[in-house]
Amino acid sequence: MGWQGINQRQFPRISCKCHLNLICGGEEKEIEAYTENIGKGGVCVVLEEDLGLFKAVSVRMMVPGQKNGLNCRGEVVWVVKKRPVNVKNKVLFDTGIEFRDMTDEDSAFIEQILNNIIPNVS
């Protein structure tokens, strides 16, 4: 089931800085992005390029202070183009990625992050 919109989120979101590696179409691009927020179902990151709506990606994510990480498939479910206030002629893209095919370890990793920041999220 696809993502139904920003106002219909199934899971709470928290702000958390992460290091992401995204693999798009067989081409690995290491992307260090400011993570707007993360939840059990997905992540929002700010990117300098539009990956394309419904683009399949592989997501590898590490969070500072955590020795384990997330390694799953994902799908770009929304993209919002924006212009930063302080930077002239620069365009950024808020990008929502829904997690797919998560293992039990991946789910535990996300839950651990959420529980460390907001107790009783699960």
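The values are calculated or read from the model by the stated rules, or taken from the named source; none is laboratory data. Bear in mind the structure is a predicted one, so any value in this text is a computation, not a measurement. For neighbour counting, all protein chains shown are included, and Cβ atoms are generated from backbone atoms with ideal geometry for every residue, glycine included. We work out accessible area using only protein heavy atoms, side chains counted, and drop any ligands, DNA or RNA first. Shrake-Rupley method; radii C 1.70, N 1.55, O 1.52, S 1.80 Å.
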- prompt: Of the residues that make up the stretch 34-49, is at least one open to solvent by 70 Å² or more (accessible area, probe 1.4 Å) and modelled with pLDDT of 80 or more?
  reply: yes
query: Of the residues G96, G52, which single one is in a loop (DSSP other than H, G, I, E, B), closer than 18 Å to K29 by Cα and open to solvent by less than 40 Å² (accessible area, probe 1.4 Å)?
result: G52
task: Please work out which residue is modelled with the highest pLDDT, limiting yourself to the stretch 59-74 and to residues that are within 11 Å of L22 (Cα to Cα) and open to solvent by 40 Å² or more (accessible area, probe 1.4 Å).
output: R73
field: Test result for N86, open to solvent by 40 Å² or more (accessible area, probe 1.4 Å) and within 21 Å of N116 (Cβ to Cβ)
entry: no
query: Among the residues of the stretch 34-54, is any under 24 Å from E105 (Cβ atoms) and more than 11 Å from the chain's Cα centre (by Cα)?
result: no
- prompt: Going by the structure shown, is M62 in contact with a helix residue (DSSP H, G or I) (Cβ under 9 Å, 6 or more places away or on another chain) and not β-branched (V, I, T)?
  reply: no
task: Please go through the stretch 99-115 and pick out each residue that is crowded, with 20+ Cβ neighbours inside 10 Å and part of a strand (DSSP E or B).
output: F99
